[in-house]
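Participant: Dropping the structure in here first, questions after.
The values are calculated or read from the model by the stated rules, or taken from the named source; none is laboratory data. On a predicted model such as this, the values are computed, not experimentally measured, just so you know. Reconstructed Cβ throughout: ideal geometry from the backbone, glycine too, with neighbour counts over all protein chains shown. Side chains included, ligands, DNA and RNA excluded: accessible areas come from the protein's heavy atoms. Shrake-Rupley method; radii C 1.70, N 1.55, O 1.52, S 1.80 Å.
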Amino acid sequence: MNFLPKSIINYAEAHTTPTSDLLKKLERETWVKRLHAGMVSGGYQGQFLRMLSQMIRPKRVLEIGTFTGYSAICLADGLSEDGLLHTIEINEELENPIQTYFDAAGLSNKIQLHIGNALELIPGIHEEFDLVFIDADKINYSRYYDLVFDKLKTGGYILADNVLWFGKVTENQQDEDTAALHAFNEKVQKDPRVENVMLTVRDGLTLIRKT
């Protein structure tokens with residue numbers, strides 16, 4: 001979902017560094033083989049994630065919601081020399097395709113894939129994170145936020161995707177997912193432990209810094 005005219009989106013994408021051939025192949029394969037292929041980050045957002053990670057140079061990253069692995073590959077590009085990215089995917093059928101692309105990207109030693117329910121797995125990942133990317137089931141965004149907060153370094157970042165949810169968060173009548181995302185947005189805005197900015201990139205990205 002984009003909120004700008006298509007001509008503006010096309011112009012912005014044309015003036016953004018293109019992605020690698022491997023990521024182009026991964027995106028094409030996702031659209032051909034996977035249901036809900038629109039969940040893939042894609043070149044424009046992927047480049048934003050990649051550059052953000054390069055600016056932070058994180059030692060430890062947690063991604064909640066791997067899907068086909070596109071965003072994990074982008075985020076891993078900015079890891080410090082001894083960095084590691086943990087990524088969690090609930091759909092076990094995606095494990096082999098995801099790992100195949102991690103291997104092809106030369107990142108098998110930089111990305112640890114966890115298959116299962118993130119609510120159950122996060123407490124068992126004993127790391128202190130510099131960056132957390134939340135992009136999983138919308139109903140649990142607030143629960144993920146609470147689970148990772150104490151694992152996040154002071155000065156570390158949480159990035160939450162889909163926070164505008166097709167613009168439905170502005171509507172009075174809201175379905176369950178929309179209401180959950182609106183509650184998450186309000187929770188972050190009122191949290192005195194953070195500072196945050198909501199960006200209108202694709203379906204909305206909120207960048208949250210733990211102070």
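Participant: Let me know the shape class of region 35-116, please: from the alpha-carbon gyration tensor, a ≥ b ≥ c as square roots of the eigenvalues, rounded when a/c is under 1.5, otherwise prolate if a/b is greater than b/c, or oblate. Kindly include the intermediate steps, with their values, before the conclusion.
Facilitator: On the way: a/c = 1.83, a/b = 1.28, b/c = 1.42.
It is oblate, given that a/c is not under 1.5 and a/b is not larger than b/c.
Participant: Express in Å², to the nearest 10, the accessible area of Ser7 obtained by rolling a 1.4 Å probe over the protein heavy atoms while all chains stay in place.
Facilitator: Surface open to solvent at Ser7 totals about 80 Å².
Participant: Right, something else. Counting DSSP beta bridges with both partners in the chain, what percentage is antiparallel, nearest 5? Kindly include the intermediate steps, with their values, before the conclusion.
Facilitator: On the way: 11 of 30 bridges.
Around 35 percent antiparallel, to the nearest 5.
Participant: Another question, then. Most fluctuating residue of Ile134, Ile115, Ile64 in a GNM of the chain with Cα springs under 10 Å: which is it?
Facilitator: Ile115
Participant: About its Cα centre, what dipole magnitude does the chain give when the only charges are +1 on Lys and Arg Cβ and -1 on Asp and Glu Cβ, stated in debye to the nearest 20?
Facilitator: With Lys and Arg at +1 and Asp and Glu at -1, about 580 debye.
Participant: Once you've got the GNM for the chain with C-alpha springs shorter than 10 Å, pick whichever of Tyr141, Tyr157, Tyr11 has the biggest mean-square fluctuation.
Facilitator: Largest GNM mean-square fluctuation: Tyr11.
Participant: Once you order the gyration tensor axes a ≥ b ≥ c over the Cα atoms, which shape class does region 13-63 get: rounded for a/c under 1.5, otherwise prolate or oblate by comparing a/b with b/c?
Facilitator: Values: a/c = 2.37, a/b = 1.46, b/c = 1.62.
Oblate, because a/c is 1.5 or more while a/b does not exceed b/c.
Participant: Express the carbon and sulfur contribution to the solvent-accessible surface of region 89-211 as a percent, rounded to the nearest whole number, probe 1.4 angstrom. Intermediate values should be presented prior to the final figure.
Facilitator: Numbers: 2790 of 6170 Å².
Of the solvent-accessible surface of region 89-211, carbon and sulfur hold 45 percent.
Participant: For a test of understanding, tell me how many lysine pairs in region 78-211 have Cα atoms under 21 Å apart, given they are 8 or more places apart or on different chains.
Facilitator: Here the count comes out as 16.
Participant: Which aspartates and glutamates, if any, have their Cα less than 20 Å from the Cα of Lys24, not counting same-chain residues under 8 positions apart?
Facilitator: Within reach: Glu13, Asp77, Glu95, Asp103.
Participant: Any idea what the relative contact order of the chain is, in percent, if you count C-alpha pairs under 8 Å spaced at least 6 apart? Before the final figure, lay out each step's value.
Facilitator: Numbers: 351 pairs, mean separation 36.2, N = 211.
It rounds to 17 percent for the chain.
Participant: Also: How big is the accessible area of Phe48 in square angstrom, nearest 10, if you roll a 1.4 angstrom probe over the protein chains?
Facilitator: 70
Participant: Something else now. Could you state how much accessible area Glu93 has, in square angstrom rounded to the nearest 10, with a 1.4 Å probe and all protein chains kept in place?
Facilitator: Around 150 Å² of this residue is reachable by solvent.
Participant: Compute the Cα gyration tensor for region 1-85, then decide on rounded, prolate or oblate, letting a ≥ b ≥ c be the square roots of its eigenvalues: rounded whenever a/c is under 1.5, prolate when a/b is larger than b/c in the other cases, and oblate in all that remain. Please list the in-between numbers first.
Facilitator: On the way: a/c = 2.02, a/b = 1.36, b/c = 1.49.
Because a/c hits 1.5 or more and a/b fails to exceed b/c, region 1-85 counts as oblate.
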